[in-house]
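The values are calculated or read from the model by the stated rules, or taken from the named source; none is laboratory data. Just so we're clear, the structure is a prediction, and the values are computed from it rather than from any experiment. Here the Cβ positions follow ideal geometry from the backbone for every residue, glycine too, while neighbour counts run over all protein chains shown.
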Amino acid sequence: MARARGSFRVLLGAAPGVGKTVAMLKEGHRLKDDGKDVVIALLETHGRKVTEQSADGLEIVPRRRQRYRGMTLDDMDLFGVIERHPQVALVDELAHTNIPGSVHEKRWQDVEDLLDAGIDVITTINVQHIESLNDVVREITGSTQKETVPDKVLRSATQVELVDLPPETLRERLAAGFVYKPDRVDAALSNYFRVGNLTALRELALLWLAGRVDEALKEYRSEHHIKAKWETRERVVVALSGGPEGDQLLRRGARVARASGGGDLIAVHVTSEDGLAGSDPSLLTRQRNLVEKLGGTYHQIVGEDIPDALLDFARANNATQVIVGVSRRSLLSRWLGRPSATSGIVAKSGDIDVHIVTHTFANRGLRLLPRYRQSLGLGRRIVGLVFALLSVLGVSWLLAMFSSVQSAQRDALILQLLVVVSAVIGGLIPATVAAVLSGLALDFLYTAPVGTLHVLRISDVVTIILYVVVGLIVAIVVDNASSRARQAQRARAESEMLASVASAVLRSDDPLRAIAHRTREAFGFDCVRILDKGRLLVSDGEPLTSLGIAAGEGIEHDTISLNDGGPSLELYGHTVEAGDQRMLMAILSQVQTVIEHNDLERKASEVEPLAAAEKIRTALLNAVSHDLRRPLASATTAVSGLQRMGDKVSAQDRVELLKVASNGLKQLTNLVTDLLDVSRLREGALPLSLVATDVVEAIMPLFDELGIGPWKVDLDIAPNLPSVVADPSLLRRALSNVLVNALRFTPSDKRVRIAASTFNGVVEIRIVDQGPGVPDDRKEDIFVPFHRLGDTDNTTGLGLGMALSKGFVESMGGTIEPEDTPGGGLTMVISLRVADPALYPGQPIPHAERPDPSQMLGENTLNLSGAISDVILPLPGEGPSEERGLDRFINYGITRSSDGTGDESADDHAPDEAPTPTPTATATLTTEPAVKNENEKDGHNEDIDRG
């Protein structure tokens, strides 16, 4: 008898480190506790203590050893596991490549053999190793995964489970050292484990798993021959009448939506000429707020017939269930057997489930007469006419059987009541018919000769005529009262609709689109367009092409416009009824108000830059008045001293005074240079000479210019770093200011780290400090001109350093972004394009490829960006050492670090497929210098700022 194939469970993760292996081991412990025979066929701990501890207590099948190219390697012992034949085998990293010479090339093939042997297998895999997603992962991460598993293997799994972790949490685990060793953390965080990469990989995993679930559902339906439509996502529509029972209905609908696994909750109120009575605007407002708190949406529509309007809306929104309350009908409606709106909804619902919810208000406030409708349609008039005929004739027949002369007054009042009821039901025409028939009935029953329609006495004729006239007058009064009631109800419906539109305008980020959407939804149009002086502003609903406009097909539509030639509404789908014209005009007035408000906001936004410019100009004058005066005063004082003392000045004093004057003039030169660059960036006239620039040649002169040595900075430069597209001078100035900022905020016992590497076609230069860092909500302030973060005295610098750095980098087509340093601090990431290899070294890039610097600054012409700090630079020969460039770094060596691609299985590649580690140059110094930079000694670093 053939052995049954084992079950196959896969634990899928979006990225390394989400906890797949630990989840597999925990499941192994659970199965073992349930009495299952569980072994670890293969486990990759990667040195993680948590993983090793999770494996305690589970039997591990020894690995087999194999010689390959002079090395002894180990891997899963396939035959050993089959011989042991446990009930469940735990196999880590399904995508792993076996040692050459093994039974199979890939580990997933070994798993197939275990399954064929009747062994249940639980394994792990990351989404980047799925064959069909390999190219997508490469586009997202820039990393190519050589180890993949065919989709058919995973789709054959009995069960696929997602082990998920939010990107931020995963990065925290990575920074804490739970995923990779500390020397790999920085590279991983800045490459594979970027927040954007992790988010995209997470979405890929969810989408792939959703597709797998859908396939399983289709297989089940096919195997069980199920052909009926299944709604996998519930949409629950709650009908609100405007009565107090709405709160109860909404909460019931929310429970139904939640119970269905996260369905949608949609509340709708039908404002209709024949709609549900008793709507209270304050109640509707409260219920709308409740809907939003429950996570649903609120809609208000206009419909002639409640069941039709409600069900049309439900079908348009693909609703699966409708919840309605028991109708609050009048006593007369019940006596007459008039169908309720709820029964109409049930009768017309079709394949939509209808839930009728009882409530405590169902029997409250019952009225003898029904509430008046906003208009009397043909159906109402026919019902009234039939009632008049049948009621008068029927009552007259009964009176003929039991009447007497003494009961004439009573019988006349009974017939008069039928006239009034006919007027209430059908209006004036049925009441007139009832009045005429009642007069004839009185003539037949009580005037001589009795039993005939002949009248012998004039007084009887007058009596009958007066009776009919009184009946007609009563009918007219009742009809007028009904008309006024209908007009009042219509006005209330219009006010509710306008209030709904106004509320949507206030709540929406796009008021015009909200108005168009509400109008189309309320009046049932296919498309609503808002135009202003012939210019289309907003269109909501089906595109005109789908309505047949482009093909020249006719379609009913109307245009509503104001008399002053302002905005207009184009309404497609049906013509506008006369009763709706006034409401649409009121809506159009709101459109005009919104347009005028937008114009005012636009004008205000044009004024704001001028106010901002004035504010910046004031700050500039205040700062320049101090920063120009200070270096100018020091230089003037030194020169004046030389002139006044003449030959009496010693040679040593002369050198010192010249140095003071030189430093002051240098500060003044730097300040003027910054201000000139500000002006050039503002005008888009900054001279650029973009060439293929060596990053190392841009970095190394900074140590001479700033007078710093290796006791302050660690270098981590990737070998064979390609050249970048940059202006060498501007790049050095940008790097100089960022580096000086990092040095300022890094504690004296810590080092600044400068790293450079390539990623996805760009070169990233990372300047990492370990200072206090900058809060997320203030990171953008770093690049604001005349703004200094952390400066309390504001006595030095203009605050242009980082702003100019950003302008310079962006003018070269690059980016500069602040990031948090793991463990504390700030990392500035400068990204520049890799230069075209065909470009000769030093050859300028054609002008057409240069970005427009003015576009990098935005619309605010004084929102400056760029880079160079007005630091007091040491004169040649000063500083802690006379050595220059790399000669100042001792104990210079080469270390190796991983590429940080984040491939969890990278540690387990076969030797011929293992990725080559990327060597990085690291500069270190083991002793502290005897003399520090003169600027640090005096406690001054000019314009060293966070912004």
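Tell me, which residue of the stretch 260-291 that is within 25 Å of the chain's Cα centre (by Cα) and assigned to a helix (DSSP H, G or I) is modelled with the lowest pLDDT?
Asn289
Based on what the data block shows, is Ala188 within 20 Å of Gly19 (Cβ to Cβ), part of a helix (DSSP H, G or I) and aliphatic (A, V, I, L, M)?
yes
I'd like to know if the stretch 141-156 contains one or more residues that are surrounded by 15 or more Cβ atoms within 10 Å (Cβ to Cβ), within 22 Å of Phe759 (Cα to Cα) and among the small types (Gly, Ala, Ser).
Within the stretch 141-156, one or more residues are surrounded by 15 or more Cβ atoms within 10 Å (Cβ to Cβ), within 22 Å of Phe759 (Cα to Cα) and among the small types (Gly, Ala, Ser).
How many residues are among the acidic types (Asp, Glu), more than 25 Å from Leu311 (Cα to Cα) and either within 29 Å of the chain's Cα centre (by Cα) or part of a loop (DSSP other than H, G, I, E, B) (or both) if we restrict to the stretch 507-546?
2
Could you figure out which of (1) surrounded by fewer than 17 Cβ atoms within 10 Å (Cβ to Cβ); (2) closer than 16 Å to Val386 by Cβ; (3) not aliphatic (A, V, I, L, M) isn't true of Thr432?
With respect to (1) surrounded by fewer than 17 Cβ atoms within 10 Å (Cβ to Cβ); (2) closer than 16 Å to Val386 by Cβ; (3) not aliphatic (A, V, I, L, M), Thr432 is out only on (1).
Mind checking which residues of the stretch 244-259 are modelled with pLDDT under 85 and either assigned to a strand (DSSP E or B) or in contact with a helix residue (DSSP H, G or I) (Cβ under 9 Å, 6 or more places away or on another chain) (or both)?
Within the stretch 244-259, just Pro244 meets the criteria.
What about Gly101, is it without any contact (Cβ under 8 Å) to a residue 40 or more places away in the chain, under 25 Å from Gln145 (Cα atoms) and over 48 Å from the mean Cα position of the chain (by Cα)?
Against the criterion (without any contact (Cβ under 8 Å) to a residue 40 or more places away in the chain, under 25 Å from Gln145 (Cα atoms) and over 48 Å from the mean Cα position of the chain (by Cα)), Gly101 qualifies.
This table checks each residue for (1) within 30 Å of Leu442 (Cα to Cα); (2) touching a residue at least 40 places away in the same chain (Cβ under 8 Å); (3) not acidic (Asp, Glu).
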position: Ser459; (1), (2), (3): yes, no, yes
position: Ser482; (1), (2), (3): yes, yes, yes
position: Leu498; (1), (2), (3): no, yes, yes
position: Thr519; (1), (2), (3): no, yes, yes
position: Phe525; (1), (2), (3): no, yes, yes
position: Val528; (1), (2), (3): no, yes, yes
position: Asp532; (1), (2), (3): no, yes, no
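Looking for something in a helix (DSSP H, G or I), out of contact with any Lys or Arg (no Cβ under 9 Å at 6 or more places or on another chain), modelled with pLDDT under 70 and farther than 20 Å from Leu413 by Cβ - is there at least one such residue anywhere in the stretch 490-506?
There is at least one residue in the stretch 490-506 that is in a helix (DSSP H, G or I), out of contact with any Lys or Arg (no Cβ under 9 Å at 6 or more places or on another chain), modelled with pLDDT under 70 and farther than 20 Å from Leu413 by Cβ.
Which one is nearest to Ser482 (Cα to Cα) among residues in the stretch 420-429 that are crowded, with 21+ Cβ neighbours inside 10 Å and not aliphatic (A, V, I, L, M)?
Once the filter is applied, the top-ranked residue is Gly426.
I'd like the residue in the stretch 143-166 that is among the hydrophobic types (A, V, I, L, M, F, W, C) and part of a loop (DSSP other than H, G, I, E, B) and, out of all such residues, is nearest to Asp92 (Cα to Cα).
For the stretch 143-166, the residue satisfying everything is Ala157.
If a residue counts only when it is out of contact with any Phe, Trp or Tyr (no Cβ under 7 Å at 6 or more places or on another chain) and surrounded by 13 or more Cβ atoms within 10 Å (Cβ to Cβ), which strands (runs of 3 or more DSSP E) contained entirely in the stretch 1-99 have at least 3 such residues?
Because the criterion is at least 3 residues that are out of contact with any Phe, Trp or Tyr (no Cβ under 7 Å at 6 or more places or on another chain) and surrounded by 13 or more Cβ atoms within 10 Å (Cβ to Cβ), the strands (runs of 3 or more DSSP E) in the stretch 1-99 that meet it are 8-13, 38-42, 64-68, 88-91.
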